[in-house]
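*Asks:* This is the structure, below, for whatever I ask next.
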Amino acid sequence: MNAYVPILVLAALGAAFAVFSVVVGAVVGPKRYNRAKLSAYECGVEPTPQPAGGGRFPVKYYLTAMLFIIFDIEIVFLYPWAVQFDALGMFGLVQMLIFVALIGVAYAYDWRRGGLEWD
């Protein structure tokens, strides 16, 4: 149990700093609200009215988000594999080649569906 005390202390310090920052920002920060501040910000473009239910988004946005998630997962698995490359030997190499091939299939699917085209 003593091994976890530094981790718990660090987590408590992080949580305390986060709460402190939010409270101080709310107390000290300016409170001048106007219509422009309360409206939605869309990259400097005037917001367009949305139909009831939020409207429809092209599938491209979801495919691009899927691509980012896939590559994030790939990086999470590639770093430990690269660190232990010598210890894993040929078995680890073959398994990682299969994994990268599966990632390539997802990338090809996204490319074919038009997720990389920005019209």
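The values are calculated or read from the model by the stated rules, or taken from the named source; none is laboratory data. Given the structure is predicted, the values throughout are model-derived calculations rather than measurements. In this analysis, Cβ positions are derived from the backbone assuming ideal geometry, glycine residues included, and neighbour counts consider all displayed protein chains.
*Asks:* State which residue pairs qualify: first residue surrounded by 12 or more Cβ atoms within 10 Å (Cβ to Cβ) and inside segment 83-100, second residue assigned to a helix (DSSP H, G or I) and not charged (D, E, K, R) in any location, beta carbons under 6 Å apart, and separation of 6 or more residues or different chains.
*Replies:* From residues that are surrounded by 12 or more Cβ atoms within 10 Å (Cβ to Cβ), the pairs are MET96/TRP81.
For (1) among the acidic types (Asp, Glu); (2) surrounded by 10 or more Cβ atoms within 10 Å (Cβ to Cβ); (3) at pLDDT 75 or above, each residue gets a yes or a no:
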| residue | (1), (2), (3) |
| --- | --- |
| ILE7 | no, no, yes |
| ALA11 | no, yes, yes |
| VAL27 | no, no, yes |
| ARG35 | no, no, yes |
| LEU38 | no, no, yes |
| ALA52 | no, no, no |
| GLY55 | no, no, no |
| VAL59 | no, yes, no |
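*Asks:* Please specify each residue of segment 103-119 satisfying the condition of being assigned to a helix (DSSP H, G or I), exposed (fewer than 12 other Cβ atoms within 10 Å of the Cβ) and among the hydrophobic types (A, V, I, L, M, F, W, C).
*Replies:* VAL105, ALA108
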